[in-house]
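Asks: Pasting in a structure now, in structure tokens, and then I'll have a few things to ask.
The values are calculated or read from the model by the stated rules, or taken from the named source; none is laboratory data. Given the structure is predicted, the values throughout are model-derived calculations rather than measurements. Cβ atoms come from the backbone with ideal geometry, glycine included; neighbour counts cover every protein chain shown. For the accessible areas, the whole protein counts, side chains as well, though only heavy atoms, and no ligand, DNA or RNA atoms are used. Shrake-Rupley method; radii C 1.70, N 1.55, O 1.52, S 1.80 Å.
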There are 2 protein chains.
Amino acid sequence: MKHPDLSETNLLEPRLLRLFDALFATGSVTKAAEKLGQSQPTISIWLARLRKELDDPLFIRSAEGMLPTPRAEALIGTVRQALEMLRRLAELRSEFDPATAKRRFVICMTDASHITLLPAILAHVRRVAPGIRIEAARIGGDTPRMLQAGEADLALGYITDLDAGHFQQALFPQDWVCLANPKHARIRDRITAKDFKREAHVLIRSGTGHQLLADALREQQIVLDVALELPGFLGLPAIVGTTDLIATLPRHIGETLAHYYGLRVLDCPLAIAGFTVKQYWHARFHHDPANQWLRDVCGELFQQQEVRGLHRSGRPKKRRPRDLTS
Amino acid sequence: MKHPDLSETNLLEPRLLRLFDALFATGSVTKAAEKLGQSQPTISIWLARLRKELDDPLFIRSAEGMLPTPRAEALIGTVRQALEMLRRLAELRSEFDPATAKRRFVICMTDASHITLLPAILAHVRRVAPGIRIEAARIGGDTPRMLQAGEADLALGYITDLDAGHFQQALFPQDWVCLANPKHARIRDRITAKDFKREAHVLIRSGTGHQLLADALREQQIVLDVALELPGFLGLPAIVGTTDLIATLPRHIGETLAHYYGLRVLDCPLAIAGFTVKQYWHARFHHDPANQWLRDVCGELFQQQEVRGLHRSGRPKKRRPRDLTS
DNA sequence: GGTGCTTCATTGCGATTCGCAATAATGGTT
DNA sequence: AACCATTATTGCGAATCGCAATGAAGCACC
């Protein structure tokens, strides 16, 4: 055995602290043994060890039993405090009660999620956790670092190159739809591939899915007539509702916008890779009750049945660990 | 291994607390191993044990090193407090500084010692330990119980049936002398056995030595002419100084009284068993610095050269343990 | 003083745990 | 994919453990 750091004194082990306490209370090695669930010879050996480490006989045999020395009397208070502190360490478990907790959660998400996910999160949280505040932050190259640093608690969306140390949980799949003006002169109830190539388009140059769309166009060697590119979704409903431009979006945001703004939703004729929207968090917070509550909330709100059956993974796996359980 | 008391949780051992602290400080298993003087695999195993006992990963591997979980961050303060408390336990040693200490010592002694020993003790203590108070108590059947209970710190004298658990240290031997009126009509410079039997005597019916005198008289079948019996030494000098009565006393008190009151000291013609005046204390206080100081003081004041050479005994022996060392 | 009882201290030994060299696995960089 | 640094795991000889058996100590009783 390597000797421990010579600058460190030997510290008493919990069993010796327990012995000290029990012997002080009972005045008997035999009774202390019973109390500690050990045999009498074992406890006698432990006492010898205590005596050596504290350099004092500590308890002297007499007709009245084992009587403490002044040194033992001086130490018993600190021994009991040390035991109490060690018990606190073992029992200390932070809990999270949404009804009473007061804290802020930072959730990274795309702009689209402000419309598709955030309202439902906010409504739920305001109902069951009035002291909780939600802050939305953008998903970007900094997101993994923010999750690890605890500057963000969760990320919702589709993140492709998250490094190790993060968990993920699938929420719902996404395929693609086209939005059109309900009064569109040429596009009624469906849009064909031919229509798609002929018509003018408006593209959103943000969000995690736009790269998939670009990939699909390149792979199928299709060049769209892109009449307009927007940096975000803000003006999109107005543009699609007053022109004949076609917008191609992930289904969730597409249907949401169509619903609110009375736009026409059409199955997309282009074969674009679907993707799964997930929630991501750092392994440091995997067992944190607060973080766990938040992702349970998101899971309940957004997880669709068909992804619930995916088998669990209890720990992060190479590249992108995911967690399917509370 | 018998299982410990089921009502007790497993408490963290000091080495695991040290590991927690070192890992929190360094963020590296390898560096923590160096700091703790163990190998890296050993520390990795200890970390696994910590994780299991606290039911939390505690530190998560990342590019920046091992990062603490919220649980680890919540625990580190208590871990460090527990370590500090355990260090205090190891280092706590009561000291006794006579120059500054304030306490009371209770010393059991015979009445004779009030005259022979107490003045010297008091003078010394008042000079080097101004905050110390001395209380003299009588030696009696209760003395052993008082020593064990801490109600008395020391006993000075000749105690014959002290039970186990007590230490003793020889101070000085005692033989016997006779006191006479310097103007005695018949007793001049010496007293013969014939004189001894013929003369009238005054006896002191107290002190530990009077039983030895009675034994000697009985064994030698001598019947003294006891004209007076006193319960103590108070009136003795006046009686001897104004009558022709002979007093037989242990040498120390005899010479002391003769010195103060101008009495004649004569070698006792009767063969009476000598004895050794000792100091006694209970084993519970053997290592107590205060008790040790007090008996060192008495040793220095009263221990004669011829008893200093007696070999030491480091622990109490059957029936009457004695200690010859500081 | 001898005997007997209870309790604490010591011994010898089989069982368990320990620390670590060697190596596998992991995370990150090139 | 290869390489490097670090953490996790395995197998094994060494060290420590708990305890049955027993010796020693303290005390009551005869």
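Asks: In whole percent, what relative contact order does segment A:176-267 give with Cα contacts below 8 Å and a gap of six or more residues?
Replies: Normalised by residue count, the contact order of segment A:176-267 is 52 percent.
Asks: Rounded to the nearest 0.05, what FRET efficiency do A:Thr160 and A:His210 give with R0 = 22 Å and r taken as the Cβ-Cβ distance? Could you check?
Replies: 0.95
Asks: So, one more: Which ³J(HN,Hα) values, rounded to whole Hz and listed in residue order, are derived for segment B:198-206 from phi using the Karplus coefficients 6.51, -1.76 and 1.60 in 6.51 cos²θ - 1.76 cosθ + 1.60 with θ = phi - 60°, glycine and proline given as x?
Replies: After applying 6.51 cos²θ - 1.76 cosθ + 1.60, I find 7, 5, 7, 10, 10, 10, 9, 8, 8 Hz.
Asks: Additional query: Among A:Arg87, A:Arg103, A:Arg138, which one moves the most in a GNM of chain A with springs linking Cα atoms closer than 10 Å?
Replies: For chain A, modelled as a Gaussian network with Cα springs under 10 Å, the answer is A:Arg87.
Asks: Considering only protein heavy atoms, what is the solvent-accessible area of B:Glu229 at a probe of 1.4 Å, reported in Å² to the nearest 10?
Replies: Rounded to the nearest 10, that gives 100 Å².
Asks: Oh, and also: Quick one: which residues, 5+ away or cross-chain, put their amide H under 5 Å from the amide H of A:His282? H built at 1.01 Å from N.
Replies: Distant-sequence amide H within range of A:His282: A:Phe167.
Asks: Can you give the % of DSSP beta bridges in segment A:176-267 that are antiparallel, to the nearest 5? Could you put the intermediate results ahead of the total?
Replies: Numbers: 8 of 15 bridges.
So the antiparallel bridges amount to about 55 percent of the total.
Asks: Calculate one ³J(HN,Hα) per residue across segment A:147-164 by plugging θ = phi - 60° into the Karplus curve 6.51 cos²θ - 1.76 cosθ + 1.60, and present them in order as whole Hz with x for glycine and proline.
Replies: So the J values, rounded to whole Hz, are 5, 5, 7, x, 7, 9, 8, 8, 10, 10, x, 10, 10, 8, 10, 7, 7, 5.
Asks: Which ³J(HN,Hα) values in Hz, rounded to whole numbers, follow from the phi angles of segment B:91-105 under the Karplus curve 6.51 cos²θ - 1.76 cosθ + 1.60, where θ = phi - 60° and Gly and Pro get x?
Replies: Along segment B:91-105, the couplings run 9, 5, 9, 5, 10, 10, 10, x, 5, 10, 5, 10, 6, 10, 9 Hz.
Asks: Can I ask one more? What fraction of the DSSP beta bridges in segment A:52-201 is antiparallel, stated in percent and rounded to the nearest 5?
Replies: Values: 4 of 14 bridges.
Percent antiparallel among DSSP bridges in segment A:52-201 is about 30.
Asks: Using a basic spin-label model with each label point 7 Å from the Cα along Cα→Cβ, how many nm lie between A:Val223 and A:Ala90?
Replies: Label-label distance for A:Val223 and A:Ala90, simple model: 7.5 nm.
Asks: What ratio of Cα Rg to 2.2 N^0.38 Å holds for segment A:14-91? Please report the intermediate quantities before stating the final value.
Replies: Details: Rg = 12.0 Å, N = 78, 2.2 N^0.38 = 11.5 Å.
With N residues counted in segment A:14-91, Rg over 2.2 N^0.38 Å equals 1.05.
Asks: Could you compute the FRET efficiency for A:Arg51 and B:Glu64, with r as their C-beta to C-beta distance and R0 at 35 Å, rounded to 0.05?
Replies: For A:Arg51 and B:Glu64, the calculated efficiency is 0.15.
Asks: If I take every Cα pair under 8 Å that is 6 or more residues apart in chain B, average their sequence separation and divide by the length, what percent do I get for the relative contact order?
Replies: Values: 482 pairs, mean separation 65.2, N = 326.
Computed over chain B, the figure is 20 percent.
Asks: Taking R0 as 35 Å, what FRET efficiency do you get between A:Asp195 and A:Leu301 from their Cβ-Cβ distance, rounded to the nearest 0.05?
Replies: 0.45
Asks: Same structure again: Between B:Ala152 and residues 5 or more places away or on another chain, which pairs have amide H atoms under 5 Å apart, with H built 1.01 Å from N, and which residues are they?
Replies: Under 5 Å from the amide H of B:Ala152 lie the amide H atoms of B:Leu147, each far enough along the sequence or on another chain.
Asks: Can you list the distances in nanometres, one decimal and ascending, from the B:Arg205 label point to the identical position in each other copy, with the point 7 Å along Cα to Cβ?
Replies: For B:Arg205, the inter-copy label distances come out at 12.3 nm.
Asks: A follow-up question, please. Label position 7 Å from Cα toward Cβ: report the copy-to-copy distances for B:Glu95 in nm, one decimal, ordered from shortest.
Replies: 4.8
Asks: I want the local charge near A:Ile246. Using Cβ-Cβ distances under 11 Å, sum +1 for each Lys or Arg and -1 for each Asp or Glu among the other residues. Can you show the working numbers first?
Replies: Values: positive: A:Arg186, A:Lys197, A:Arg198, A:Arg264; negative: A:Asp195, A:Glu199, A:Asp225, A:Asp244.
Overall, the nearby charge balance is 0.
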